[in-house]
Amino acid sequence: MNNNFNSSRPDDFTYGPDETIYFSALRETKDRQLFRLEEQLNSIDNLNINLVENLIVYPSPSEGLIHFFDDYAQIQIFNLEGKILKQVSVYKSGEPINLSHLESNVYIVIAISPEGKTNYGKFVIK
């Protein structure tokens, strides 16, 4: 686990004894919360994440291009194993992000607003 209190970075992801993926994230209240990802997923409806999803990714499912409604200082795309697959700095609302090289699966996105607010979401590449 990453002990840096100001960060929820890819090295925060770990496997539990039952092969479940866990990660910690800094909440707005500046405390950390542990979250669990289900490993065997084939649709966005089966994703069980114990966090507030406040980020809309469209379209989902996607053929490979995704968009966001707001501007962000940073966007990070993760697979379900916690590996960072794409990082975008200074995203402008509506710009396409090309992820067509990714396999069909569910992905996690973390976006940091220009004010420093962390937003979470998920989407499907079909």
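Bear in mind that the values in this text are calculations on the coordinates, not laboratory data. Nothing here was measured: the structure is a model prediction, and the numbers come from that model. Every residue, glycine among them, receives a Cβ derived from its backbone with ideal geometry; neighbour counts consider all protein chains shown.
Can you compute the modelled spin-label distance between ILE84 and TYR58, with each label point 7 Å from Cα toward Cβ, in nm?
Going from the ILE84 label point to the TYR58 one covers 2.8 nm.
Net charge near HIS101: determine it from the other residues with C-beta under 13 Å of the C-beta of HIS101, scoring Lys and Arg +1 and Asp and Glu -1. Can you show the working numbers first?
On the way: positive: LYS86; negative: GLU63, GLU103.
Value of the local net charge: -1.
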